[in-house]
1. Name the single residue that is modelled with the lowest pLDDT among those in segment 59-94 being of a type in the set (Val, Ile, Thr) and more than 14 Å from VAL115 (Cα to Cα).
2. Of everything in segment 174-184 that's closer than 21 Å to GLY429 by Cα and buried (at least 24 other Cβ atoms within 10 Å of the Cβ), which residue is farthest from the ligand (Cβ to nearest atom)?
3. Could you pull out the residue among LEU372, LEU332 that is closer than 15 Å to ARG405 by Cα and away from the ligand (no atom under 12 Å from the Cβ)?
4. Which condition number in (1) outside any loop (DSSP other than H, G, I, E, B); (2) more than 14 Å from the ligand (Cβ to nearest atom) is the one that LEU409 fails?
5. From the list VAL355, VAL308, which one is in contact with a helix residue (DSSP H, G or I) (Cβ under 6 Å, 6 or more places away or on another chain), within 24 Å of GLU204 (Cβ to Cβ), within 16 Å of the ligand (Cβ to nearest atom) and β-branched (Val, Ile, Thr)?
6. Return the pairs, sorted by first residue and then second, in which the second residue is of a type in the set (Gly, Ala, Ser) and within 16 Å of the ligand (Cβ to nearest atom), the first residue lies in segment 313-333 and is under 26 Å from ARG213 (Cα atoms) and assigned to a helix (DSSP H, G or I), the beta carbons are less than 7 Å apart, and the residues are 6+ apart or on different chains.
7. May I ask you to list the residues in segment 206-237 that are away from the ligand (no atom under 16 Å from the Cβ), among the small types (Gly, Ala, Ser) and more than 19 Å from the chain's Cα centre (by Cα)?
8. Quick one: what pairs do we get from segment 586-599, first residue within 17 Å of GLY511 (Cα to Cα), second among the β-branched types (Val, Ile, Thr), C-beta under 8 Å, 6+ apart or different chains?
Amino acid sequence: QSPVTKTQSTSTALIEIDNPASVKRQLAQLFDLSLRATVPDESDVVPLVDACAVKGGVKFGDYQCNNAMGIWSKMKGMQTGFRGPPAIGQAIVNNLPPSEMIDSCSVAGPGFVNVVLSKKWIAQKIRNSVNLVSKSFYLFIYRAREFLLQSLHRMLIDGIDSWAPRLPVKRALIDFSSPNIAKEMHVGHLRSTIIGDTVARMLEFSHVECVIRRNHVGDWGTQFGMLIAYLFEKFPNPDDVSVADIGDLQAFYKASKLRFDSDPEFKLRAQQAVVRLQSGETMYRKAWKQICDVSRAEFDKVYQRLGVQLEEKGESFYNPYIPGVLEKLDNLGLVEESDGARVVFVEGVNIPLIVVKRDGGYNYFTTDLASLWYRLNEEKLEWIVYVTDIGQQQHFDMLFKAYRRAGWLPKDENAYPKCTHIGFGLVLGEDGKRFRSRSSEVVRLVDLLDEAKRRCKTAILERDTAKDWSEEEIENTTEAIGYGAVKYADLKINRLTNYTFNFDQMLNDKGNTAVYLQYAHARICSIIRKSGKDIEEIKRNGKVVLDHEDERALGLHLLQFPEVFEEACTNLLPNLLCEYLYNLAEIFSKKFYSNCQVVGSPEETSRLLLCEATAVVMRKCFYLLGIVPVYKL
Ligand code: ARG
């Protein structure tokens, strides 16, 4: 199986960031200088640099600059002296400032400039013994060899955080997971939880000082009237109710819904219960809280398994803020009367937003108007990211537009403070339909995760290696692998695409799965352990050489982590990290480790450093994806 070919970079970045550790950016700066010299009058030409893809099993270089063709079509008809795009490509090569990074350059096809990086430079970046220098990077990028050299040294000595970019925000909030009380927490919420947590980790890695993980649980709404009325019917004395009595909330919800739909008298009581709850009557509040607590306990079991921590501020929290926000909108003249309801119109959408229903009640949208107000003005957040299925895209689009219309968000969508909705596709079952359990009920997420763990345990216990493991080791390992597999299966797919849930596939120890990656990582750790060498000592005094082509391939891929991360981060696409991680494991196992003997070879020190660097980068990827690494398998 050949490594996944690199996706072309997307131009629609959600956020701009800068990362000096990115090889791509360093090359782009060199090409920028060349372009200024090649076409001095075209100041708006920006360097188009990308990693080379494998075409028909061959790669023509490590990176390529794709400007020549565009410049040619732009300048056609002008007196330029160039006879075609290849000539422009050649001029770009000739004008490149000398750099330690580059081994050779060539022009191919219609004018692509292919760059082969210097293996000495890559090696030095991986392990550099030169002292750290200050960040006068931009000034002398092509001369400040020391700077370029320090990157991997710092990575190995100080940790991989030296490779992280900087986002232009200090305070961000990710609104994710956000299940609804007493209704099901379904696989869609699982997806939101997994993607949202990874996004939060990506922002944390990018030096955002404060990243809030917000659980916007649906803890308010008409369903509570029905639930409370049913609770009172079953337990006339509310003090008798124990949490265990309504332990199975889904069954409870169903039963009350049945009553609601079949008995008009009950329905009336349910509707009155909503009003009494909203007016704050003690008994109703208490019942509401009991129901919320039961739900919360169930949600927490899922979060605990996934190792995700969320801070809950449910819809009910924003209730007191609603009248004030509506009044402000009204004062701005934005609220109109339509069919007895109060509505707001936004640009480019012909359906109105209902902010107060005909019966005077508020809805999901009203709460989001108020919660966004709170986030911007009370919590002073600069970037607010909402993670839900793509079905809610229009909801958020209209919310942000309403805020822009009110002047509460900048007109320029890219300016801060800024709101972003990131959507995801459906989770499908084997039958290609929405994922359901056999009885066509909603799948209990706890059961789903436990099943993943159980299957891992069976597989692990069948292996010899686990014979002398303690019970605790088995538990920890199977949890790390089982839950990690569920997360990875979700994250490796572009979030906009639907994905099919399949235990056999995600728990396979071959192919692009977390299980395979865990094995690869554990194997690298075991190579280092078995060498009997002190890796810390090697990190201090060892040197990296990349004479073998597979050593070089591995070294280059390691150096590409910062730019892949940057792309994953600017578009909030965790699947790019998965793709990178899988390719790293493949290059390590199928190329490097198959063809370069590590222990006992003359290059042992250098190769152990490459092993260590690979393990470090893999662990960072695991961490970002919320997967706990296993060191022994
Ligand atoms: N509770 C909603 C649902 O289950 C998701 C909430 C998303 N967050 C928000 N601020 N609207 O679909």
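The values are calculated or read from the model by the stated rules, or taken from the named source; none is laboratory data. As the structure is a prediction and not an experimental result, all values here were calculated from the model. Quick reminder, even Gly has a Cβ in these numbers, built from the backbone with ideal geometry, and neighbours come from all protein chains shown.
1. Step by step, filter segment 59-94, then rank; the result is THR80.
2. Of everything passing the filter in segment 174-184, SER177 is farthest from the ligand (Cβ to nearest atom).
3. Details: LEU372 fails: away from the ligand (no atom under 12 Å from the Cβ).
Step by step, each of LEU372, LEU332 is checked, and only LEU332 is closer than 15 Å to ARG405 by Cα and away from the ligand (no atom under 12 Å from the Cβ).
4. Just one mismatch for LEU409, condition (1).
5. Within the list VAL355, VAL308, the selection yields VAL308.
6. GLU315/GLY218; TYR318/ALA370; TYR318/SER371; TYR321/ALA370; ILE322/ALA370; VAL325/ALA370
7. Passing the criteria: GLY225, ALA229.
8. Listed pairs, sorted by first residue: PHE588/ILE524; PHE588/THR614.
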